[in-house]
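Read the structure below first, then the notes.
The values are calculated or read from the model by the stated rules, or taken from the named source; none is laboratory data. Note that the coordinates shown come from a computational prediction; the quantities given were computed from them, not determined experimentally. We place every Cβ from the backbone using ideal geometry, glycine too, and count neighbours over all the protein chains shown.
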Amino acid sequence: MDLPIPFRRSKPGSRVHGSPGLDRFAALALALFSCAVLASCTSGASASLPASAKGSMPQIASFAAVPASINSGSSSTLSWSVTGATAIAITPGTFTSTASSGSTNVSPAATTTYMLTATNGAGSATSEVTVTVTAAPAEPVISSFTASPTSITAGSSSTLSWVTSGATSIAITPGTFTSTAASGSTNVSPTATTTYTLMATNTAGSVTANAQVTVSASGGALTITTTSCPGGTQGTAYSGCTLAATGGDPPYTFSVSTSTSFPPLPEGMSLDASTGNITSSLVGGQGTYTPELIVTDSAGTQVTQDITFAINGNNAFLASIFPSTSIFHHRVDAATTSLPVDTSPAAAIYSGYLSETIKPFFGDTYANFPNGIPAIQVPSNQPDVSVTTTVYQSYFTSGPIPAYAPVEGTSNSTGDRHVLVYLQAGGGSNPTLYEMWQGIYEGGPWTDSSNALWPNVASNALTPQGMGTSDAAGLPVAPLLVNADEVIGTGTTDAPNGTIQHPIRFTLNHMLNYWVWPATETAGVGSCTAAGGAAIPTESQISQSAPPASCTFSGPAGEIYRLQASVPTPSCATTSPQAAIIITALRNYGIILADNGDSGGLVGTPDARWNDNDLMCLESLTLANFEPVNVSSLIVSNDSGATSQ
């Protein structure tokens, strides 16, 4: 075919790529002519310069979405691999990159087709992928959950009805009822007011709704149906008890009487006012408590129930207070020690008190209250709280006194209210004894009328001479208390096998107005004169080795008295094993005069393991059966409780 337009030949040696003998312009003209006349161009061809003029077109090796199908709210990863591109773009959106391969996450709300455009100077190439979006499943819906009737009498039933949508299963608790029906009903017959919970579930989750059925006694009066609760052990968690009631007009409110005729719950225990649950993560109290518990219905009607809580003590730690070389752990019986009778005119128990019997001021219970002075051990990291002293001496203004620390006579007492806390050694701190007199818990801090501190009871240091403690003699209280752990030993309450290795604290109606070692203070009556007739200042220390010449009264603070070897053991001791062990201690370690109180009052810890009938055997002894002991030969230092032998 003849060409319709002229063309010129190239210069000798010049070639156009793909068209021999033509220069570049002629080749382009020929190409355009061929497209127009011969209709031989492929679809998408442009009139731009051929690739040889600009470089090769980009190539898309792959463009994929993983996963290709997602739930609404989820994401898919778009990944690409291209060659020869100077830039890529993904639409819809504004994502761009110059990387030849990579990925990006997308979270379309609806099914979307994404286009990858790869571009360079020669042109562009495209590829598409589609991400299919499925709507996420919705949680079920509870349209209604009702009880009809909402109030029933005991023995009757109520119908629980529900309407739901989108649930694959429903369950009603308490109980084991289940169903797959979107709506329905079931009958229940609770014996007490009960809140029922409907749970509707599908693969997207669960939803709940509540309905309450109130139960009242059929024509009955408000009544507390719980009459007893389990006991517990000091320093451990309480197993729990639930106060329950029937009749009246539910719902009920539960409380503890604040009457001074009744104790509160044991320290550390609490009552839930709405559920009646009595719980404790750590019981602080010890002994037997009989509080008055109150139930009040919605009409204001009240009923009460006295319930006993028997709490075992946990006082073995008392034996480790002060070293074994201390006078507080030294035997004083004549057969073993040869310590003589103290013949000082100050030493003997005042004659007017000799007929008084030994009285155990400790035990299981006394008129609803725990009987004795409690003590508790706390860990070395127990936090300090503020302590304010209002009357006498103060050794500390803060201490590790927990809210659950037991109080003598409980917080409802108007008496001595001793609070004794032993801090274990640890963390670089010494074992320490904190004692308070008339301690009152103030919702965090404490107040007391006096307190005392032994900052290291691994030593024999006494408190300063002339400075009182939480008792009148300036003595520690805790290590001088008789306690059930040392009496029971490895035996049982009815068959104890323990030993007591310390003098036991006791009281007289009045002490002499002087003290002897190891006491450091007194509060008493009477006066003494020295040889030659000079008056000895009252409220001062007197010596057993250089005694006064005469006294108008007798029985100084700190004097130790032992049960005379010639006094037979009471016959009741054969059937009173706890008292028998204590009587042995009265012979070997004696009693130490510590405070003013009832004459012959022997002091120990409260404990549910004490047998009060057994302890009554101690009353077979009188103060006339005891003799004062001269311990002056044991003194190493007047300010130390250490003994020389």
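Some observations on this one:
- Which numbered condition A519 misses (of (1) buried (at least 24 other Cβ atoms within 10 Å of the Cβ); (2) within 34 Å of the chain's Cα centre (by Cα); (3) not basic (K, R)): (2)
- Here A484 meets each of (1) surrounded by fewer than 24 Cβ atoms within 10 Å (Cβ to Cβ); (2) out of contact with any Leu (no Cβ under 7 Å at 6 or more places or on another chain) with one exception, condition (1).
- Any hit, the range 198-206, residues being free of Cβ contacts under 8 Å to residues at least 40 places away in the same chain and either among the β-branched types (V, I, T) or surrounded by 15 or more Cβ atoms within 10 Å (Cβ to Cβ) (or both): yes
- Selection of the range 339-352 for residues being in contact with a Cys (Cβ under 7 Å, 6 or more places away or on another chain) and buried (at least 19 other Cβ atoms within 10 Å of the Cβ) yields only A346.
- The range 45-76, subset among the small types (G, A, S), part of a loop (DSSP other than H, G, I, E, B) and farther than 27 Å from G102 by Cβ, residue modelled with the highest pLDDT: S48
- Index of the failed condition, T146 passing every other in (1) surrounded by 13 or more Cβ atoms within 10 Å (Cβ to Cβ); (2) part of a loop (DSSP other than H, G, I, E, B): (2)
- Qualifying residue in the range 302-312 (condition: closer than 30 Å to W454 by Cβ, part of a loop (DSSP other than H, G, I, E, B) and not charged (D, E, K, R)): no
- Only one of the listed residues (S281, S270) is surrounded by fewer than 16 Cβ atoms within 10 Å (Cβ to Cβ) and farther than 30 Å from V457 by Cβ. That residue is S270.
- Count - residues of the range 339-393 that are under 30 Å from S644 (Cα atoms) and at pLDDT below 95: 0
- Residue satisfying condition, being over 30 Å from N611 (Cβ atoms), modelled with pLDDT under 95 and surrounded by fewer than 21 Cβ atoms within 10 Å (Cβ to Cβ), within set A535, A549, A531: A531
- Per this entry, S326 is not counted among residues that are under 25 Å from T584 (Cβ atoms) and surrounded by fewer than 17 Cβ atoms within 10 Å (Cβ to Cβ).
- The range 233-267 - residue that is polar (S, T, N, Q) and within 17 Å of the chain's Cα centre (by Cα) and, of those, surrounded by the most Cβ atoms within 10 Å (Cβ to Cβ): Q234
- The range 144-160 residues that are over 14 Å from T186 (Cβ atoms) and assigned by TED's automatic domain parsing to the domain that holds T193, paired with ones that are among the small types (G, A, S) and part of a strand (DSSP E or B) (beta carbon under 6 Å, 6 or more apart): P149/S158; I152/S158; T153/S216
- Answer from T301, T288 - the residue that is farther than 30 Å from H502 by Cα, touching a residue at least 12 places away in the same chain (Cβ under 8 Å) and of a type in the set (S, T, Y): T301
- In the range 366-421, residue surrounded by the fewest Cβ atoms within 10 Å (Cβ to Cβ) [restricted to those that are within 14 Å of L433 (Cβ to Cβ) and among the aromatic types (F, W, Y)]: F396
- Any hit, the range 353-365, residues being touching a Leu at 6+ places or on another chain (Cβ under 6 Å) and surrounded by fewer than 17 Cβ atoms within 10 Å (Cβ to Cβ): yes
- Selected residue (criterion: surrounded by the most Cβ atoms within 10 Å (Cβ to Cβ)) from residues of the range 119-139 that are closer than 17 Å to A65 by Cα and over 55 Å from the mean Cα position of the chain (by Cα): V129
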